[in-house]
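*Asks:* I have a structure here, written as structure tokens, and I will follow up with some questions on it.
The values are calculated or read from the model by the stated rules, or taken from the named source; none is laboratory data. This is a predicted model, so every value here is computed, not measured. No Cβ is skipped: glycine too gets one built from the backbone with ideal geometry, and neighbour counts run over all protein chains shown. Heavy atoms of the whole protein, side chains included, go into the accessibility calculation; ligands, DNA and RNA do not. Shrake-Rupley method; radii C 1.70, N 1.55, O 1.52, S 1.80 Å.
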Amino acid sequence: QVVNYAPFTLLPSPVPQDLFEQAYAVQQDFNLLVDAISQNKEFLEQTLASTIKVDDFTARLFRIYIQVLEEGLAQTVFLGINRSDYMFDCGVGGTATLKQIEINTIAASFGGLTSRTADVHRLVLKVLGKTKEASQLLSNNPSKSLALGIAKAWELYGSQSAVVMFLVEEVQRNIFDQRCVELELWNRNIRVIRKRFRDVFEKGSLDASRRLYIDGQEVAVVYYREGYVPQTYDEQNWEARLLLERSRAVKCPDIATQLAGTKKVQQELSRPGTLEKLLPGRPEAVARVRATFAGLYSLDEGEEGDKIAAAAIADPERFVLKPQREGGGNNLYGEELRQVLEKIKDSPERTSYILMDKIKPQPALNYLLRAHSPLQVSECISELGIFGVYVRQGQQMVMNKAAGHLLRTKATEHADGGVAAGVAVLDTPYPV
């Protein structure tokens with residue numbers, strides 16, 4: 001009742017090798033892009049202007065962001081751990097293409113558990129007498145790479161006695177995923193503490209130079225595994241978040257980087273000319289990033305928004321309706337999408353969503369192993385995530401790398417939802 005195994009597929013799932021390589025090749029570009037957005041106050045203000053009028057959660061984050069900027073940033077080292085998620089779209093012409101679903105800039109999870117998944121599948125294939133196929137599986141260790149990023153940020157912070165703080169949920173369901181990364185840090189003799197927002201509110205303080213202390217321990221890095229959904233926050237937790245953001249500690253992510261991961265920013269990036277402004281003098285990077293974009297549409301008030309809202313109501317199967325939320329299980333499809341849009345089409349509330357073309361992946365058969373679930377063959381679709389890690393000190397990029405991959409697979413009857421939401425399961429790509 002306390003501990004359960006993470007759900008996984010019995011067999012690895014086929015993934016087109018060229019698209020897999022494309023996803024890896026563009027990750028450093030996405031790292032640079034997220035970092036550039038986080039430093040561009042004007043872009044964030046303009047892009048989120050309509051959203052913060054109607055989305056209270058984004059508005060609260062934005063207010064803290066502005067307050068911290070006005071006070072002057074105490075933080076000089078910046079650490080990003082993100083995960084860019086893709087599906088393989090077999091829409092027009094039947095040739096699969098790589099399409100980005102979203103980029104997660106806060107609490108991007110499963111780097112730990114997926115570091116173990118390939119070994120499970122290797123063993124299964126060997127038991128089935130498929131030793132040649134077992135040797136085709138790629139080694140994958142995101143937990144090591146993520147820990148390297150955290151360790152680098154800790155080192156640049158410059159205090160041997162300071163700790164890394166994992167900011168965690170009240171109730172831990174995905175604890176072992178975090179423990180994998182934590183263990184890598186302990187192996188480097190870096191002390192790790194685990195605290196909740198409540199602990200920060202009750203025991204956190206800043207000294208005169210805005211160093212962060214909790215229980216008398218100086219904190220070098222705050223690694224958020226919590227804080228991306230509105231339900232997390234009561235007034236005390238908002239106070240705690242402000243305290244963390246005002247501190248010198250390296251936040252992963254800082255609040256600007258969390259805002260860079262909003263769906264509204266994702267949609268704005270697809271507008272002609274936007275990438276060129278954010279990545280000046282990098283035409284190849286711009287081309288690689290743009291090649292992964294699915295159709296993204298604004299629901300801002302005005303003619304453009306009216307048109308796309310009407311198109312989606314008329315043909316809801318073509319689109320996905322996305323709110324400004326991370327963590328899976330929030331998107332709307334089909335009839336539900338139509339009903340919600342009908343209700344909000346004439347109100348400013350619609351600007352808190354974006355519309356995206358619905359991806360049509362090629363299903364494959366697999367068995368999904370879940371505790372207490374019957375074993376049956378299911379028609380499944382997969383989503384590929386590539387982890388990215390970067391560290392910036394002042395204006396100098398000290399580390400920028402792709403940090404491993406994650407494959408999640410779900411039965412085709414489920415439209416939305418990740419592993420933590422109880423829908424998808426962990427998987428390993430089998431390159432084809």
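*Asks:* Calculate what fraction, in whole %, of the accessible area of segment 297-358 sits on carbon and sulfur atoms when a 1.4 Å probe is rolled over the protein chains.
*Replies:* Working: 1320 of 2910 Å².
Reported share for carbon and sulfur atoms: 45 percent.
*Asks:* Right, here's the next one. On the accessible surface of segment 359-414, probed at 1.4 Å, how many percent belong to carbon and sulfur atoms? Walk me through the numbers before you get to the answer.
*Replies:* Working: 1290 of 2580 Å².
Reported share for carbon and sulfur atoms: 50 percent.
*Asks:* What is the distance in Å between the Cα centres of segment 350-418 and segment 183-200?
*Replies:* 27 Å
*Asks:* Could you give log10 I(q)/I(0) at q = 0.14, 0.15, 0.17 Å⁻¹ for segment 1-109, computed by the Debye formula over C-alpha point scatterers of equal weight, without solvent?
*Replies:* So the normalised log intensities are -0.85, -0.92, -1.03.
*Asks:* Oh, and also: Heavy atoms only, 1.4 Å probe, whole protein assembly: order Ile255, Ile175 by accessible area, highest first.
*Replies:* My answer, sorted largest first, is Ile175, Ile255.
*Asks:* Another one. From largest accessible area down, sort Trp154, Trp186; use a 1.4 Å probe on the protein chains.
*Replies:* If we order Trp154, Trp186 from most to least accessible, we get Trp186, Trp154.
*Asks:* Test of understanding: what is the full-extension gain from Phe176 to Leu206, defined as 0.36 nm times their sequence separation minus their Cα-Cα distance? Don't skip to the end; give the middle numbers.
*Replies:* Numbers: separation 30, 0.36 × 30 = 10.80 nm, distance 3.06 nm.
Stretched out fully, the Phe176 to Leu206 stretch lengthens by 7.7 nm.
*Asks:* Can you match Cα Rg over 2.2 N^0.38 Å to one of these, [x] 1.48; [y] 1.30; [z] 0.97, based on a calculation from the structure here?
*Replies:* Step by step, Cα Rg over 2.2 N^0.38 Å for this structure corresponds to label [z].
*Asks:* Please say if segment 280-431 is rounded, prolate or oblate, where rounded means a/c under 1.5 for a ≥ b ≥ c the square roots of the C-alpha gyration tensor eigenvalues, and otherwise the choice is prolate for a/b larger than b/c and oblate otherwise? Walk me through the numbers on the way to the answer.
*Replies:* Details: a/c = 2.03, a/b = 1.06, b/c = 1.92.
Oblate.
*Asks:* Which ³J(HN,Hα) values in Hz, rounded to whole numbers, follow from the phi angles of segment 41-49 under the Karplus curve 6.51 cos²θ - 1.76 cosθ + 1.60, where θ = phi - 60° and Gly and Pro get x?
*Replies:* Whole-Hz 3J(HN,Hα) from phi for segment 41-49: 4, 4, 5, 5, 4, 5, 5, 9, 3.
*Asks:* Now a separate question. Starting from the Cα of Cys90, step 7 Å along the direction of its Cβ; do the same at Val432; then give the gap between the two resulting points in nm.
*Replies:* 0.8 nm
*Asks:* Measure off 7 Å from each Cα along the Cα-to-Cβ vector at Lys132 and Asn4, then give the distance between these two points in nanometres to one decimal.
*Replies:* 3.9 nm
*Asks:* Here is the link list: Lys322/Lys360; Lys53/Lys410; Lys152/Lys195; Lys251/Lys401. Which ones come out longer than 25 Å on Cα distance?
*Replies:* Distance filter (> 25 Å) returns Lys53/Lys410.
*Asks:* Over segment 135-237, with every protein chain in place, what whole percent of the accessible area is carbon and sulfur at 1.4 Å, could you tell me?
*Replies:* 45 percent
*Asks:* When DSSP assigns beta bridges and you keep just the ones with both residues in the chain, what percent turn out antiparallel, to the nearest 5?
*Replies:* DSSP beta bridges in the chain are roughly 75 percent antiparallel.
*Asks:* Here's a follow-up. Give me, ordered by chain and number, the residues 5 or more places off Gly91 or on other chains with an amide H under 5 Å from its own placed amide H.
*Replies:* Thr97, Lys360
*Asks:* Per residue and in cubic angstrom, what volume does the convex hull of the Cα atoms of segment 297-358 have? Kindly include the intermediate steps, with their values, before the conclusion.
*Replies:* On the way: hull volume 4.4 nm³, N = 62.
Convex hull volume per residue, Cα atoms: 70 Å³.
*Asks:* Counting only residues 5 or more places away or on other chains, whose amide H sits under 5 Å from the amide H of Val26 once H atoms are built in the peptide plane?
*Replies:* Those lying under 5 Å, H to H, from Val26: there are none.
*Asks:* Using alpha-carbon pairs under 8 Å, 6+ residues apart, how would you state the relative contact order of the chain in percent?
*Replies:* On the way: 847 pairs, mean separation 122.2, N = 432.
Computed value for the chain: 28 percent relative contact order.
*Asks:* Can you give the accessible area per residue of the chain, in Å², using a 1.4 Å probe?
*Replies:* Here the per-residue accessible area is 43 Å².
*Asks:* A further question on this structure: Compute the length gained on full extension between Glu304 and Gln160: take 0.36 nm times their separation in residues and subtract their Cα-Cα distance, giving the result in nm to one decimal.
*Replies:* Between Glu304 and Gln160, full extension yields 46.4 nm more.
*Asks:* Segment 345-432: D in µm²/s via Stokes-Einstein (Kirkwood Rh, Cα pairs, 4 °C, 1.567 mPa s)?
*Replies:* In µm²/s, the coefficient rounds to 79.
*Asks:* Then there is this: For labels at His414 and Asp215 in the simple 7 Å Cα→Cβ model, what's the distance in nm?
*Replies:* Calculated label separation equals 3.5 nm.
*Asks:* Additional query: For Cα pairs less than 8 Å apart in space and 6+ apart in sequence, what is the mean separation divided by the residue count of segment 297-358, i.e. the relative contact order in percent?
*Replies:* 45 percent
*Asks:* Please compute the length gained on full extension between Asn187 and Ala287, using 0.36 nm multiplied by the number of residues separating them and subtracting their Cα-Cα distance.
*Replies:* Stretched out fully, the Asn187 to Ala287 stretch lengthens by 32.0 nm.
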